[in-house]
Protein chains: 2
Amino acid sequence: MSGEDAPAQQQNAVDQKQETKPVEEPKTETESPPAAGAAEAAATPAATTEKVPEEEAFTYRALVLTGYGGYDKVKLQVKKGKPVLKAGEIMVRVKACGLNFADLMARQGLYDRLPSPPVTPGMECSGVVEAVGEEVTDRKVGDKVMVLSRFGLWQEVAVVPAAHTFLIPDGMSFEDAAALPVNYITAYMMLFDFGNLRPNQSVLVHAAAGGVGIAATQLCKTVKDVTVFGTASATKHETISEGGVTHPIDYRTKDYVEEVRKISPKGLDIVLDPLGGSDTHKAYNLLKPMGKLITYGTSNMLAGQKKNLLAVAKNWYHQFSIHTLSLIQGNKSVCGFHLGYLDGEMELISQAMDIVLDLYKQGKIKPRIDSTWHLEQVGDAMRKMQERNNIGKVVLTTEPMPEEEKKEEPKKEDKKEDKKKDDKKKDDKKKDDAKKEEKKDDKKKEEPKKEEKKEEEKKEEPKKEEK
Amino acid sequence: MSGEDAPAQQQNAVDQKQETKPVEEPKTETESPPAAGAAEAAATPAATTEKVPEEEAFTYRALVLTGYGGYDKVKLQVKKGKPVLKAGEIMVRVKACGLNFADLMARQGLYDRLPSPPVTPGMECSGVVEAVGEEVTDRKVGDKVMVLSRFGLWQEVAVVPAAHTFLIPDGMSFEDAAALPVNYITAYMMLFDFGNLRPNQSVLVHAAAGGVGIAATQLCKTVKDVTVFGTASATKHETISEGGVTHPIDYRTKDYVEEVRKISPKGLDIVLDPLGGSDTHKAYNLLKPMGKLITYGTSNMLAGQKKNLLAVAKNWYHQFSIHTLSLIQGNKSVCGFHLGYLDGEMELISQAMDIVLDLYKQGKIKPRIDSTWHLEQVGDAMRKMQERNNIGKVVLTTEPMPEEEKKEEPKKEDKKEDKKKDDKKKDDKKKDDAKKEEKKDDKKKEEPKKEEKKEEEKKEEPKKEEK
């Protein structure tokens, strides 16, 4: 775990040159050129910054992953120096950022698209254009934009290629704009490019209350008579049903394969699989002839705050591998998707985004924000998502945190919740870890009291989990 | 090789009960019910035939695979007894039959959808409805139909469920109708269901002069600005270019991967792979992000007349197997297709057929018949296809063979060619075995002079190859 012990105090803009070292490309031969300098530039202002007089004056807060590990490895720091823009780039004053599962994997060192720490994570944000580099013709200062990048967006100022930005439609909040890109582009490309979803088909959406799950459900409902099976803990069923899930399944108390078969004995047309491991096998077996399994993550690898070697090994051991002869005999399709590996394909992404924004303008889709957190609260925000306590998107805001909240930080999650989410049901607080049943035994040593923990015990939780 | 030594002379309707024994289902869990009794019924009239007075009078010729092996294992025999129809079935007086690669694999015992010999092969035919069973409302005596079945159609009389038949459009010949179903439904479902082909995309079609290759090329051209790369031996390039292939590639003299990269450095959106083995790996590596590999056969296993254990082993050894993590990192899709394993899905097949027939009526597609052969000539017909000397579909006709042709049987292929295919270029006669370069070493022992053989030597060929 390199970087684990890097002193967090030293992380500032000058130290970040390290981030520009080339990231290893995946071994499967993608023909696209290596990731454009977008995110690197954004995350390494120092490298391109000249010692201009205003440098000392220009500072901005940034979240920095200081080493692989628990929630506390992401620190809020101050970077200095105004970035100099290269041709084609713009500088964005960031308003809100989206959290994604890849960010959680990255924190544990399980996501190879993030350079080694210290590094600023963050794949999506929204904000206002503050400066425009040469050769940028379609963005101007003051434009409200959404941004997609391989990393580097969890900070107040981000420098990105204009081509990685999308204009925010009138009336869309910065929170919604930060919540939309990764989840909706992912769901759209999976369902409509690989999945080729058509009327009367059936889809299984795992983690149907998560960001991609909600996006996928909404997109399924844009096609006539699509049946959506959605897994989530029972407390979330009412919400996801309202959102379009035809058959909610509590995977914690029931075997979702059996539940699907009861209703759809022949199986399914599409399974979206963010879990990996043995769930991918189940997904494959649930496919009808001409069915498509689209796997887009390995969230089963995430067990606990820090990298859980047993969970990782188990996931690898159970990793799905398929021979073409089996595919032929089954008339099946297995697809892999991850937006993080698609950053060389902005044309494809833009096409998808255009359609998604069009659906938004028609009122057919709308991000559901679970909760919004200050940068200082990123640890709690990540915890909420990793422990599956969210329904919808977990968002960070760059808005400064009020002083009174800071003093009571141990309680901040509850306060925030009380303030912003009064309508949120108490029940939702219950743990909802994906596949907890399955991993119970593995987890016991690390988190002996995990299942018994209740919201009121949360103050002590950070210490417990860091053992 | 069970059945290898079954005495061919005893093959008649009464002996065919054996064919009804259940075929083992593939191990990948398909949820569809086991293959309907369609083909079994067709191939086993004796089992359902009552001793009616007309039994002795009712005879029909049938091709029967008497054991696994070379071209001579398919014998022309006479079956006796008028089949009794079950509810939902019709009896078809067969006019023409299509040859498919699966039939060649089946002859060598490499296709598990054909019951053990003795059995009548044949997955598609055209003909006229001669009798209609109870509960059949949408077919009547005299209707011209195309038929799809798992096997059992290479005979003058076939009994099939009405649901496995399609009305032949006005003006379509029996030959075209026998050539259309398997190739066009296969190409359509691969390109438009799994492949999701869209304008401006690029497709690699292997064996572009074969039945599926020509169908796929024609279907690609129904979408705007699709670039088709097609492999075939040089002598076939003019024909396939006229048919719509944008970039013909002679795989025998050039590395097709390099040729594709020269024109399309980023790779391809879709690769249709009938070859299997190491070519599937190449196909996968040629995919762009969001690209789809659709594998639909293992023709690389076919080397020589009889089962070539080395070729089979090599294919298994090189068989493509993929981990989901690689798929995720590559943003790729791997699909398997084979119509022979899709016979429980007549609804899906009918939907595809409706579209295909509509395109036919609009003049956008039309089967290309390479050559038509009498039932007696099935061995030569199979040889033509297996040695890749065809451009388009190889078809059997049930029309009786003129006596004068029978006497000169050693020369029959040339005569037939002279008579029916005067327009066919001499050049086309050259050998065009798929992947011959690659297999050269393996083949030398079995077929020492294969590459040197020319059309004028063909008279002696059967003896040479049967050693």
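Values for this structure:
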read-out: Residue check, B:Asp170 over 19 Å from the mean Cα position of the chain (by Cα), open to solvent by 30 Å² or more (accessible area, probe 1.4 Å) and without any contact (Cβ under 8 Å) to a residue 12 or more places away in the chain; value: yes
read-out: Qualifying position, being modelled with pLDDT of 90 or more and open to solvent by 10 Å² or more (accessible area, probe 1.4 Å), among B:Leu63, B:Leu76, B:Leu110, B:Leu104; value: B:Leu76
read-out: Qualifying positions in region A:366-392 - touching a helix residue (DSSP H, G or I) at 6+ places or on another chain (Cβ under 9 Å), over 21 Å from A:Pro274 (Cα atoms) and open to solvent by less than 20 Å² (accessible area, probe 1.4 Å); value: A:Ser371, A:Thr372, A:Trp373, A:His374, A:Gln377, A:Val378, A:Gly379
read-out: Test for B:His323: is it under 15 Å from the mean Cα position of the chain (by Cα) and at the interface with chain A (Cβ under 7 Å from one of its Cβ atoms); value: no
read-out: Elements of type strands (runs of 3 or more DSSP E) in region A:206-286, at least 1 residues being within 14 Å of chain B (Cβ to nearest Cβ) and surrounded by 22 or more Cβ atoms within 10 Å (Cβ to Cβ); value: A:268-273
read-out: Yes/no for A:Val312 being β-branched (Val, Ile, Thr) and surrounded by fewer than 21 Cβ atoms within 10 Å (Cβ to Cβ); value: yes
read-out: Residue, modelled with the lowest pLDDT, within region A:341-365, restricted to residues that are open to solvent by 30 Å² or more (accessible area, probe 1.4 Å) and among the charged types (D, E, K, R); value: A:Glu347
read-out: Flag for B:Gln305 being in a loop (DSSP other than H, G, I, E, B), more than 12 Å from every other protein chain (Cβ to nearest Cβ) and farther than 20 Å from B:Thr231 by Cα; value: yes
read-out: Verdict on B:Glu175 being open to solvent by 10 Å² or more (accessible area, probe 1.4 Å), touching a strand residue (DSSP E or B) at 6+ places or on another chain (Cβ under 7 Å) and not polar (S, T, N, Q); value: yes
read-out: Output for region A:190-220, where each listed residue is more than 16 Å from A:Thr295 (Cβ to Cβ) and within 22 Å of the chain's Cα centre (by Cα); value: A:Phe192, A:Ala208, A:Ala209, A:Gly211, A:Ile214, A:Ala215, A:Thr217, A:Gln218, A:Leu219, A:Cys220
read-out: Region A:181-240: number of residues that are hydroxyl-bearing (Ser, Thr, Tyr), in contact (Cβ under 8 Å) with a residue 40 or more places away in the chain and in contact with a strand residue (DSSP E or B) (Cβ under 8 Å, 6 or more places away or on another chain); value: 1
read-out: Region A:315-340, residues that are closer than 28 Å to A:Lys262 by Cβ and surrounded by fewer than 24 Cβ atoms within 10 Å (Cβ to Cβ); value: A:His318, A:Phe320, A:Ile322, A:Ser326, A:Gln329
read-out: Filter pass, B:Thr186 being over 30 Å from B:Gly88 (Cα atoms) and not acidic (Asp, Glu); value: no
read-out: The one condition in (1) modelled with pLDDT of 95 or more; (2) over 20 Å from the mean Cα position of the chain (by Cα) that B:Leu272 fails to fulfil; value: (2)
read-out: Any hit, region B:50-58, residues being of a type in the set (Gly, Ala, Ser) and at pLDDT 95 or above; value: no
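Here's the yes/no breakdown for (1) under 29 Å from B:Gly109 (Cα atoms); (2) within 10 Å of chain A (Cβ to nearest Cβ); (3) not in a loop (DSSP other than H, G, I, E, B):
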position	(1), (2), (3)
B:Ile294	yes, yes, yes
B:Asn300	yes, no, yes
B:Gln319	yes, yes, no
B:Cys335	yes, yes, yes
B:Leu348	yes, yes, yes
B:Ile355	no, no, yes
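So that you can scan it fast, the table gives a plain yes or no per residue for (1) touching an Asp or Glu at 6+ places or on another chain (Cβ under 7 Å); (2) without any contact (Cβ under 8 Å) to a residue 12 or more places away in the chain; (3) more than 15 Å from A:Ile185 (Cβ to Cβ):
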residue	(1), (2), (3)
A:Gly304	yes, no, yes
A:His318	no, no, yes
A:Leu325	no, yes, yes
A:Gly330	no, no, yes
A:Leu339	no, no, no
A:Met346	no, no, no
A:Gln362	no, yes, yes
A:Trp373	yes, no, yes
A:Pro400	no, no, yes
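The values are calculated or read from the model by the stated rules, or taken from the named source; none is laboratory data. Everything numeric in this text was worked out from a predicted model, so none of it was measured. Heads up, the Cβs are rebuilt from the backbone with ideal geometry, glycines too, and the neighbour counts pull from every protein chain shown. Each accessible area value is taken on the protein alone, full model and side chains, heavy atoms only, with ligands, DNA and RNA left out. Shrake-Rupley method; radii C 1.70, N 1.55, O 1.52, S 1.80 Å.
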